[in-house]
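Have a look at the structure below before the remarks.
The values are calculated or read from the model by the stated rules, or taken from the named source; none is laboratory data. Everything numeric here is computed off the predicted structure, so don't read it as measured data. Using ideal geometry, Cβ is built from the backbone for each residue, glycine included, and neighbour counts are taken over all protein chains shown.
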Amino acid sequence: MSFAMPGRRSQRFDSNRAASNRTSAEWIARLNADDATPRDAADFRRWLAANPDHAERFERATDLWDMVPGTAPSRVPVTRRRALAGLVALTATTVGGTVAFQAAYAATPYETGIGEQRRIGLQDGSSLLLDAATRVRVIATPARRRLWLARGRIDLTVAPLATPFTIDAGGGAMTAAAGRFDLRRDPDDRVALTAIQGTAAVTTTGATRRLIGGERLREGRIDRPDLAATQAWTSGRAAFHDDTLKTVAEEANRYSATRLVIADPVAAELRVSGMYRMGDNVALGRSLAALLALRVRTMEGAVLLGG
């Protein structure tokens, strides 16, 4: 990470273009410096508005800043010297070539590919199981616990601590108490949160709704799903209940590099129920073809159903 530390007021650049080129780390330093001005705040607001990604980048940088000992503004007033010291902590390397802060930064994002699942133990005692094709970012210290789910599905076990565990999956603010939770975010940003054990609070459009063990919030409605079916993915299976063949194919393709392709639009709307083993789309395609009386063809990298 590289940065150019702003100088005293007489040395600062004033153009909007220059301000827009600042990084999140530079803004943290500028806004917490002892000679920050209202002009800096106005420039910062323009920087946020210039690109939708800037707000997320700044929030992430702030989270990382808080993880550097002695730099969090909530604990100690940050002068220019302290701001510079914090930024040095973000970029300094040790003799062994590892970076204490960079190690924390590297531990924040986790991702799985097609067909891959990964279990992760977190610093606060919580744990994660990531499903295939999943991407999350996590801060889990005794002082701060937060998770961002960009896509995919997780099984989250929250350790009992006084600090709340907050979750952002694009569908409102969620706070999970000690317990176990299933959280899914689909490519179209549909979000489902199931409290396997424990309680959670979800705030959307200003209203807060609470889930207790066994309940699921999905598309604004609370229901009580079959928990065995909900957790089937943790053992490499998927449960379907009157789902379209198109939906089944989309789910199966998260677990196999061999694509399951529906070659007939009519066949795509056929309904499927049952529990299926994921990861072998050739076997799955043949099973579905037999069930639905469809033609099945295999070719390099794909299984075609119908047509």
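Tabulated data for the structure shown
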quantity: Residue in segment 280-298 that is in contact (Cβ under 8 Å) with a residue 40 or more places away in the chain and either outside the structural domain of R153 (by TED's automatic domain parsing) or not hydroxyl-bearing (S, T, Y) (or both) present; calculated: yes
quantity: Given (1) among the small types (G, A, S); (2) out of contact with any Pro (no Cβ under 7 Å at 6 or more places or on another chain); (3) assigned by TED's automatic domain parsing to the domain that holds G125, number of the condition A178 does not satisfy; calculated: (2)
quantity: Identity of the residue in segment 162-217, of a type in the set (S, T, Y) and more than 14 Å from the chain's Cα centre (by Cα), that ends up modelled with the lowest pLDDT; calculated: T205
quantity: Check on T157, of a type in the set (S, T, Y), in contact (Cβ under 8 Å) with a residue 24 or more places away in the chain and surrounded by fewer than 19 Cβ atoms within 10 Å (Cβ to Cβ); calculated: no
quantity: Options G121, G152, G113; residue that is surrounded by 18 or more Cβ atoms within 10 Å (Cβ to Cβ), of a type in the set (G, A, S) and at pLDDT 90 or above; calculated: G152
quantity: Among the residues listed as R254, R277, the single one being under 22 Å from R119 (Cβ atoms), surrounded by 18 or more Cβ atoms within 10 Å (Cβ to Cβ) and not hydrophobic (A, V, I, L, M, F, W, C); calculated: R254
quantity: Residue, surrounded by the fewest Cβ atoms within 10 Å (Cβ to Cβ), within segment 182-202, restricted to residues that are in contact with a Ser or Thr (Cβ under 8 Å, 6 or more places away or on another chain) and closer than 18 Å to D168 by Cα; calculated: A201
quantity: Tally, over segment 258-275, of residues that are in contact with a helix residue (DSSP H, G or I) (Cβ under 6 Å, 6 or more places away or on another chain) and either among the hydroxyl-bearing types (S, T, Y) or assigned by TED's automatic domain parsing to the domain that holds G115 (or both); calculated: 1
quantity: Residues (within 13 Å of L156 (Cα to Cα), part of a loop (DSSP other than H, G, I, E, B) and free of Cβ contacts under 8 Å to residues at least 40 places away in the same chain) located in segment 190-219; calculated: T199
quantity: Any helices (runs of 4 or more DSSP H) falling wholly within segment 227-307 and containing at least 1 residues that are at pLDDT 95 or above, over 26 Å from L130 (Cβ atoms) and among the polar types (S, T, N, Q); calculated: 281-292
